[in-house]
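Every number in this text was worked out from the coordinates using simple rules, so none of it is lab data. No experiment lies behind these values; they were computed from the predicted model shown. Positions of Cβ are generated from backbone atoms using ideal geometry, with glycine treated the same way; all protein chains shown enter the neighbour counts.
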Amino acid sequence: PQEPIQRWLDYLLVERGLAKNPLEAYRRDLISLTAEMRQLRIRFPARVRLQHLQKYLQRLMKGGASASSQRRRISAIRGFFRFLVQEGLIEANPTDLLVSPRQSKRLPRTLSLDEVNRLIDATEENNPHLGLRDRAIVQLLYSSGMRVSELCGLRRRDFLTDGKYPLVRCVGKGDKVRLIPIGDRAALAVEKYRSQLLEDAPALNDQLFLSATGRKLNRRSVYALLERAAPLAGISQGVNPHLLRHSFATHILENNTEMREISIREGSDPVPADALPHLQHLLGHASIHTTEIYTHVDRKQLKAAHSRHHPRP
């Protein structure tokens, strides 16, 4: 039972950038659920059903668990079983009909452009031997907004520089393939890494980013290199791949809300459109509602523009 729990916690740490305190709380919640299922002689997690979870939560409620504790436990349980389904570890999600109290979404924390630049420089300084690789990783994460799992899955042939724009082809959730335009600085960093470090490396499964031992790079390694570089960049709060993804999306909207040249389609001209559908494509969101959290940038800019230009009496 501990292995699927640890896999989910690793996913939250590396892919979603969750802080250590809530991760530990989720760990305790799931260990508590595991113990409950063991007492009922229900194999965890394969044989857990909705009625088992409801009884477990009812017992906690009768035991005086606070409302916030209940919400956190429900969040942990739902997230865990949703992850198991996505990974193909179980077929059906027993939490589909489990009611969870609605909570307002917190706006994502972002890095400033200056912090991003300092982080890129510190990343290369932190690891002299693999500095070119690490710099290329950070620049590509920030320039593309891709998920860290997508970056780790990149193959050498997915880096495309023979067209008008440098592009990266990545495979997102649901095996959906999308093309993402990247900046010239990120393209140069990747090309420099390829020419100086990757040429002599074994072509293991055609992977673009390799570990020091020549194996496919994993998500935890990317998280670790950012965690080491952040203090060197003078950034006191933790830095993770998901934070770079948030920063990418926020900076895109802050600097070019029209985004008329950002959507690149293979074999066709850029298509003018409003900002959010383009950002949805770049981030690989299945639903526009997931992307809408970034509209706080638009509201902030509108308020600032109104303050500057409105002819107040």
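Before moving on, here are some points about what is shown:
- Among the listed pairs 62/173; 164/216; 20/55; 20/216, those beyond 32 Å (Cα-Cα): 62/173
- A Förster radius of 51 Å combined with the Cβ-Cβ distance from residue 66 to residue 164 puts the calculated FRET efficiency at roughly 0.35.
- Sparse-neighbourhood loop sites, GluC sites (Glu not before Pro) in the range 1-90 - DSSP loop, at most 15 other Cβ within 10 angstrom: 87
- Ranked by the mean number of other Cβ atoms within 10 Å of their residues, highest first, the peptides 162-170, 133-141, 179-187 fall in the order 133-141, 179-187, 162-170.
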